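Presented below is the structure to which this report refers.
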Amino acid sequence: MTSELAAAAELAAVIVNYNAGPEIRVALQSIASEAAGHTWEAIVVDNVSTDGSSDYVWEFAPHARVLRNTVNVGFGRGINQGVAESRAPYILIMNPDCRLEPGALATMRAELEARPRCALVGLRVLDPDGSEQGSARGDPDMLTGLFGRTGPLRHLLPSAAVSRRNVVSTGRESATVDWVSGACMLVRRSAFEEVGGFDPRYFLYWEDADLCRRLRARGYEIRYVPGATAVHQVGHSSRTARAASIRAFHESAYLYYVTHVAPGAFNPKRAIARVLLAARCWWRLRSAPADRGGAETRSNVT
């Protein structure tokens, strides 16, 4: 995209790619369809893919371009890189294995424009079979590992208050929530820059919960809009390094916990969290399929 077009863009879509294959073409096509009639750009930050997937980006030139990293910098750092390359007031953050359903972008944007203190909007995320992934969440705590989206007790006790707090259902109504999945979100640039973007300490996972929490601490609102929908293939990239992805998930969960739930170097809850997360990580690694090599972006371990 020329510098003149980039400067005039109303929307910047930022995608971090690692070996997403042809899914990234589907993602970009859905963005192009949704942004038709508007000035937009897409910035794909490639974390050393080896499958040639970023080559699909050139099909969408001059609107889309690639930033190629020489090392895998992780998800949050990659998004920050892409955002820094753009000037658009609205930032669409989306996984390369997501696709927007018709009307999704307009619905999310309308929600942001109607609410000046809304910093970030998430939408309903579906599996390819149409089942909901549960993209609106409550703030994580010690019980999230058991009652979170894929927690074993949530499936046994789906109507329990702790299950409903961790994965929020609002029916068809938009609502204020604690945080939304980073698989697909629309963010107000000014708010994103005010809090410094994603925390670079999170290589993978939980950076979305952390971002939303820091935005809320500044008085901003996080909204979930189930009238907008995206379909997420889930973990297309991370299947090449499932074990590394699981470890990253649990390391980031601990970082989130000690930052927001149990601050203070001598807080005894930290030791409990470390033991529980290590046990959960071990259990997930035992049931994980063998890696096929490579690094990771995001997967369905939450």
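The values are calculated or read from the model by the stated rules, or taken from the named source; none is laboratory data. The structure presented is a predicted model; accordingly, all values stated were derived computationally and were not measured. Please note: Cβ atoms are built from the backbone with ideal geometry, for glycine as well, and neighbour counts cover all protein chains shown. Accessible surface areas use protein heavy atoms only, side chains included; no ligands, DNA or RNA. Shrake-Rupley method; radii C 1.70, N 1.55, O 1.52, S 1.80 Å.
Percent relative contact order of segment 196-260, based on C-alpha pairs within less than 8 angstrom and at least six residues apart? Display every interim value, and only then the final one.
Numbers: 30 pairs, mean separation 31.7, N = 65.
Averaging sequence separation for qualifying contacts and normalising by length gives 49 percent for segment 196-260.
Modelled spin-label separation between residue 217 and residue 243, with each label point placed 7 Å from Cα along the Cα-to-Cβ direction: 3.5 nm. Average accessible surface for segment 49-115: 44 Å² per residue, computed with a 1.4 Å probe over protein heavy atoms with every protein chain in place. Using a simple spin-label model with pseudo-atoms 7 Å out from Cα toward Cβ, residue 287 and residue 170 lie 3.0 nm apart. Let a ≥ b ≥ c be the square roots of the eigenvalues of the Cα gyration tensor of segment 174-233; is it rounded (a/c under 1.5), or, if not, prolate (a/b larger than b/c) or oblate? Oblate is the answer for segment 174-233, as a/c is 1.5 or above yet b/c matches or exceeds a/b.
When a 1.4 Å probe is rolled over the protein heavy atoms, the share of accessible surface on segment 191-280 that falls to carbon and sulfur comes to 59 percent.
Distance from the C-alpha centroid of segment 72-141 to that of segment 168-247: 7 Å, rounded to the whole angstrom. In this calculation the C-beta distance from residue 61 to residue 193 is compared with R0 = 22 Å, giving a FRET efficiency of 0.25.
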